[in-house]
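Enquirer: Sharing a structure, written as structure tokens. Questions coming.
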Amino acid sequence: MVKIVEMDENVTLKTQLEQDVGSVILVNKFTVKLEDIDQFLKLFATTTEMFKQQPGFISAQLHRGIGGSGTFFNYVVWESAEHFKQAFNKPQFRSSMTDLLPNAIMSPHLFKKVAVPGICVD
């Protein structure tokens with residue numbers, strides 16, 4: 001199973017899943033060995049296809065570091081933390097997690113947009 005490392009040492013994903021803050025963005029950083037990248041991309045596609053079928057899913061995007069990097073991050077927009085929690089706890093998602101590469105590291109974290117006047121909208 002993939003190793004999960006909390007992105008924020010003070011706030012766990014489990015704690016975040018209990019929050020009711022409206023729409024959220026799941027940001028997930030993956031560190032993948034170069035020889036495992038093709039397999040990672042297949043597993044990512046399979047898992048994201050499953051998420052796309054879940055209530056509350058809005059969109060997803062994957063990014064890869066340039067220059068031959070094995071670092072990826074994705075973000076998934078959900079209508080709420082509760083929608084993500086329901087999808088995350090589905091048996092088919094949990095079983096797909098066991099297929100993830102044992103040498104990969106994953107750091108999931110939920111975010112909420114922040115308004116900064118003149119720069120970012122809420």
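Enquirer: Considering the range 1-29 alone, what residues qualify as being closer than 15 Å to residue 85 by Cα, part of a loop (DSSP other than H, G, I, E, B) and not polar (S, T, N, Q)? Steps first, please.
Expert: Looking only at the range 1-29, we keep the residues that are closer than 15 Å to residue 85 by Cα, and these are 12-28.
Remaining after also requiring part of a loop (DSSP other than H, G, I, E, B): 12, 17-23.
Passing the criteria: 17, 18, 20, 21, 22.
Enquirer: Are there any pairs, at least 6 apart or on different chains, whose C-beta atoms fall under 8 Å, with the first in the range 46-60 and surrounded by 11 or more Cβ atoms within 10 Å (Cβ to Cβ) and part of a loop (DSSP other than H, G, I, E, B) and the second at pLDDT below 95 and basic (Lys, Arg), and if so, which?
Expert: 54/90
Enquirer: Another question, then. For the range 61-72, name all the residues that are outside any loop (DSSP other than H, G, I, E, B) and either out of contact with any helix residue (DSSP H, G or I) (no Cβ under 8 Å at 6 or more places or on another chain) or within 21 Å of residue 22 (Cβ to Cβ) (or both).
Expert: Let us first name the residues in the range 61-72 that are outside any loop (DSSP other than H, G, I, E, B), namely 61-64, 71-72.
Matches in the range 61-72: 61, 63, 64, 71.
Enquirer: Among 104, 87, 81, 115, which is without any contact (Cβ under 8 Å) to a residue 60 or more places away in the chain and within 16 Å of the chain's Cα centre (by Cα)? Before you say what the answer is, go through the steps one by one.
Expert: On the way: 104 fails: without any contact (Cβ under 8 Å) to a residue 60 or more places away in the chain; 81 fails: without any contact (Cβ under 8 Å) to a residue 60 or more places away in the chain; 115 fails: within 16 Å of the chain's Cα centre (by Cα).
On inspection, the qualifying residue turns out to be 87.
Enquirer: Still on this model: Might you let me know whether the range 68-75 holds any residue that is of a type in the set (Val, Ile, Thr) and either more than 17 Å from residue 106 (Cβ to Cβ) or at pLDDT below 95 (or both)?
Expert: So in the range 68-75, the residues of a type in the set (Val, Ile, Thr) come out as 71.
Retained after the next criterion (residues that are either more than 17 Å from residue 106 (Cβ to Cβ) or at pLDDT below 95 (or both)): none.
Among the residues of the range 68-75, not one is of a type in the set (Val, Ile, Thr) and either more than 17 Å from residue 106 (Cβ to Cβ) or at pLDDT below 95 (or both), which makes the answer no.
Enquirer: Tell me the residue from 47, 98 that is of a type in the set (Ser, Thr, Tyr), at pLDDT below 95 and within 14 Å of the chain's Cα centre (by Cα), please.
Expert: 47
Enquirer: Testing residue 89 on (1) more than 21 Å from residue 1 (Cβ to Cβ); (2) loosely packed, with under 11 Cβ neighbours inside 10 Å, one condition comes back false. Which one is that?
Expert: Answer for residue 89: the failing condition is (1).
Enquirer: Select from the range 12-30 the residues that are touching a residue at least 40 places away in the same chain (Cβ under 8 Å) and within 23 Å of residue 91 (Cβ to Cβ) and list them in ascending order.
Expert: Selection gives 13, 16, 17, 18, 24, 26, 28, 30.
Enquirer: Still on this structure, I have one more. Checking the conditions here, which among 42, 33 is in contact (Cβ under 8 Å) with a residue 60 or more places away in the chain, surrounded by fewer than 17 Cβ atoms within 10 Å (Cβ to Cβ) and closer than 25 Å to residue 65 by Cα? Walk me through it before giving the result.
Expert: Numbers: 42 fails: in contact (Cβ under 8 Å) with a residue 60 or more places away in the chain.
33 is the lone residue from the list that is in contact (Cβ under 8 Å) with a residue 60 or more places away in the chain, surrounded by fewer than 17 Cβ atoms within 10 Å (Cβ to Cβ) and closer than 25 Å to residue 65 by Cα.
The values are calculated or read from the model by the stated rules, or taken from the named source; none is laboratory data. Note that the structure is a prediction, hence the values are computed from the model and not measured. Methodologically, a virtual Cβ is constructed for each residue, glycine included, from the backbone with ideal geometry; neighbour enumeration extends over all protein chains shown.
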